Amino acid sequence: MGFLDNTPLLKRVFELGYTMFLIIILSALVGLILAFPVMWLWNYVFKNFAQLQINVFQAWALNVLAGILFGKTSGEREK
């Protein structure tokens, strides 16, 4: 990749894209790991209802939805 050394702007764009890609992949992995406790807790609470069992991707979506609904926004001030 010698041509990247000759063009610093292209090298910077490539490094920025690579960093963004890594952040997206790591965020997705952390989100999936955090979805497992949600899935286990949901399935434990609703174990008597056979049709209310969820898989890990549904737990991931539920975790994201709860974060959107109940999460802190940057505009809030602490008192």
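The values are calculated or read from the model by the stated rules, or taken from the named source; none is laboratory data. Predicted model only: the values in this text are computed from it and were never measured. Every residue, glycine among them, receives a Cβ derived from its backbone with ideal geometry; neighbour counts consider all protein chains shown.
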Q: Report, by residue number, each residue of the range 26-57 that is exposed (fewer than 11 other Cβ atoms within 10 Å of the Cβ) and in a helix (DSSP H, G or I).
A: 26, 27, 29, 30, 44, 45, 50, 51
Q | Long-range neighbours under 6 Å by Cβ, at least six apart or interchain, first residue at pLDDT 80 or above within the range 55-79, second not aliphatic (A, V, I, L, M) | A | 60/31
